[in-house]
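Input: a single structure, listed below in structure tokens.
The values are calculated or read from the model by the stated rules, or taken from the named source; none is laboratory data. Every value quoted in this text rests on a predicted model; they were computed, and no experiment measured them. Heads up, the Cβs are rebuilt from the backbone with ideal geometry, glycines too, and the neighbour counts pull from every protein chain shown.
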Amino acid sequence: MAGGKLSEAEQVNREALNIRQRSFGNNNADVATSQNNLALVCSQNGKLTEGEALARKSLATSQRLFGNDSLEAADSLRSLAIILGDKRQWAEAEVLMRKVLEVRRKKLGPEHPWVASALNDVAWAAGANGKQKEAEALEQEALAMRQKLLGAEHPDVAKSLYLVGDRMRQRGNLSEADSVLRAALSIQHKVLDAGSPDLLYTLNSLGLALEGEGKWSDAETVYREELAGWRKQAGPEDPKTLDTLDKLASSLEAQSKWPEAETLRRESLTTWRKQAGDEDPETLFSRRRLGFVLEDEGKWPEAETVWRESLVVWRKLGGVEEGQSMYTLRKLGLALDAENKWPEEESVWREAWSISRKQGGDEGTEALADLERLIRVLITQKKFDDAERLLGEVLTPSFIKQPSSVNLLALRVDLMSR
């Protein structure tokens, strides 16, 4: 649900709760239901503390009215477990989900659609607690139960296929995941709308599996369908839309389809800048991905611009010596090298070397790499004396004996032959 719709849902649920509390008081089943509904919406809106408090109130009322082992209390318990999961309190969430499963089995029997759903809920929490093998077994059990109870082409069967396939993908069983996720999609394409979130999540998981298999053309096809669905379902600026847009761009880049990939990267950057501003991490890494594709296209002047813009922001956020600033400074140096802008490139590598030798010493890996690039650009400009002087500073008798001196020694030999 998009941000605007979530805010609207929260307002509607608050009004419903207020009306029911005024009409019935707090010790009422309908009030407990409203508290439960509002708790989940608050959690989705990031209001986790309020959501947990509401879920606990709902649970207490349901237990008081119907008993600790009632289905009503189990529903409230499930909502509380979901919110605890949102808070990354997985151990407690797993305990609560197992209690929900126990109650549903007791009240509904061993085979029931709600029991299958509870099996998936336990798998969700157990998997988050690192119990991947048990989680997959639980999801397989839920799948078999749904197939038996609901038939082969029910939407819930497709959902179970998705859960099993996604778990296989996470565990690295990509070929099996591919097959199972395609089976889920085969059902969902028949019974769900193109913008259904369940269908789109299955497409996303299949795309990731195909990436892992190196099937980039197939992944491209899947991501195109997913992107169209999210644009329709959530809008062009929703994070899920933008995430899929970036995945589609990556699949295009893997196939050297640079122009379309660049278009998508620019759309992503424009949208993140509009939504979050230049200093947001999503904007910063979106700009970086645009820089990469411009490099792949050989559009070095545009890449230079991207790296200069990025460098300004990273330095503002973390300072000149921060890791992201240094990474971006070096990317700028490489772009300038590709453009034959040697005086500017020289300035970049002097700055990079000055910082890296300060951080890791003259013989540090990064300092040596920065110095090597500086020496090379000096040689390119025929500044042989400057190059020889810098090499003399570093190539001490003790350092010459180190394996890491090989590249610099080769540059000195090159200088001596000129």
- [ ] Please work out which one of (1) buried (at least 23 other Cβ atoms within 10 Å of the Cβ); (2) farther than 19 Å from A29 by Cα; (3) not acidic (D, E) is the condition A55 fails and give its number.
- [x] (2)
- [ ] Find the residue count for segment 189-207, including only residues that are buried (at least 24 other Cβ atoms within 10 Å of the Cβ) and polar (S, T, N, Q).
- [x] 2
TODO: Run E302 past the list (1) closer than 25 Å to D280 by Cβ; (2) touching a residue at least 12 places away in the same chain (Cβ under 8 Å); (3) touching a helix residue (DSSP H, G or I) at 6+ places or on another chain (Cβ under 6 Å) and report the number of the one that doesn't hold.
DONE: (2)
Open item on the list: Condition (residue is in contact (Cβ under 8 Å) with a residue 40 or more places away in the chain, more than 18 Å from Q188 (Cα to Cα) and crowded, with 19+ Cβ neighbours inside 10 Å) applied to segment 252-262: is it met by at least one residue?
Closed with: yes
- [ ] Take segment 214-233 and flag every residue that is surrounded by fewer than 20 Cβ atoms within 10 Å (Cβ to Cβ) and in contact with a Ser or Thr (Cβ under 7 Å, 6 or more places away or on another chain).
- [x] W216, R231
Task: Neighbours by Cβ (under 6 Å, 6+ apart or cross-chain): first from segment 68-95, surrounded by 20 or more Cβ atoms within 10 Å (Cβ to Cβ); second of a type in the set (D, E) and assigned to a helix (DSSP H, G or I) - done: I83/E52; L84/E92
TODO: Output the residue which, of all residues in segment 162-177 that are of a type in the set (D, E, K, R) and in a helix (DSSP H, G or I), is nearest to A128 (Cα to Cα).
DONE: R167
Task: Close pairs (8 angstrom Cβ cut-off, 6 or more residues apart or separate chains): part of a loop (DSSP other than H, G, I, E, B) in segment 178-207, modelled with pLDDT under 95 and surrounded by 15 or more Cβ atoms within 10 Å (Cβ to Cβ) anywhere - done: G195/Q233; S196/Q233
Task: Test for A261: is it more than 20 Å from E220 (Cα to Cα) and more than 15 Å from the chain's Cα centre (by Cα) - done: no
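Residues in segment 271-285: is at least one closer than 30 Å to K5 by Cβ, small (G, A, S) and buried (at least 20 other Cβ atoms within 10 Å of the Cβ)?
At the first step, the residues of segment 271-285 found to be closer than 30 Å to K5 by Cβ are 271-285.
Checking which are small (G, A, S) leaves us with 276-277.
Now drop any that are not buried (at least 20 other Cβ atoms within 10 Å of the Cβ), which leaves none.
No.
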Task: Filtered residue count, segment 139-161, keeping only those that are basic (K, R) and either outside any helix (DSSP H, G or I) or under 13 Å from S117 (Cβ atoms) (or both) - done: 2
TODO: Out of E136, E94, report the one residue that is under 23 Å from S43 (Cα atoms) and not hydrophobic (A, V, I, L, M, F, W, C).
DONE: E94
TODO: Would you check if T244 is out of contact with any Gly (no Cβ under 7 Å at 6 or more places or on another chain), within 28 Å of A303 (Cα to Cα), modelled with pLDDT of 95 or more and buried (at least 17 other Cβ atoms within 10 Å of the Cβ)?
DONE: yes
- [ ] Just need a number here: residues in segment 170-186 that are in contact with an Asp or Glu (Cβ under 8 Å, 6 or more places away or on another chain), modelled with pLDDT of 95 or more and surrounded by fewer than 22 Cβ atoms within 10 Å (Cβ to Cβ).
- [x] 3
- [ ] Among the residues of segment 227-264, write down those that are charged (D, E, K, R), assigned to a helix (DSSP H, G or I) and in contact with a helix residue (DSSP H, G or I) (Cβ under 7 Å, 6 or more places away or on another chain).
- [x] R231, K240, D246, K247, E253, E260, E262
Task: Unique match (being surrounded by fewer than 17 Cβ atoms within 10 Å (Cβ to Cβ) and either in contact with a Lys or Arg (Cβ under 9 Å, 6 or more places away or on another chain) or in a loop (DSSP other than H, G, I, E, B) (or both)) among E136, E111 - done: E111
Task: Residue check, E363 surrounded by 13 or more Cβ atoms within 10 Å (Cβ to Cβ), out of contact with any Ser or Thr (no Cβ under 8 Å at 6 or more places or on another chain) and not small (G, A, S) - done: no
- [ ] Considering only residues that are among the small types (G, A, S) and part of a helix (DSSP H, G or I), look in segment 286-303 and name the one that is nearest to D246 (Cα to Cα).
- [x] S286
Open item on the list: Among the residues in segment 385-397, are any surrounded by fewer than 17 Cβ atoms within 10 Å (Cβ to Cβ) and closer than 24 Å to G323 by Cα?
Closed with: no
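Determine, yes or no, whether R330 is touching a Lys or Arg at 6+ places or on another chain (Cβ under 9 Å), of a type in the set (D, E, K, R) and at pLDDT 95 or above.
Values: touching a Lys or Arg at 6+ places or on another chain (Cβ under 9 Å): yes; of a type in the set (D, E, K, R): yes; at pLDDT 95 or above: yes.
Yes, satisfied.
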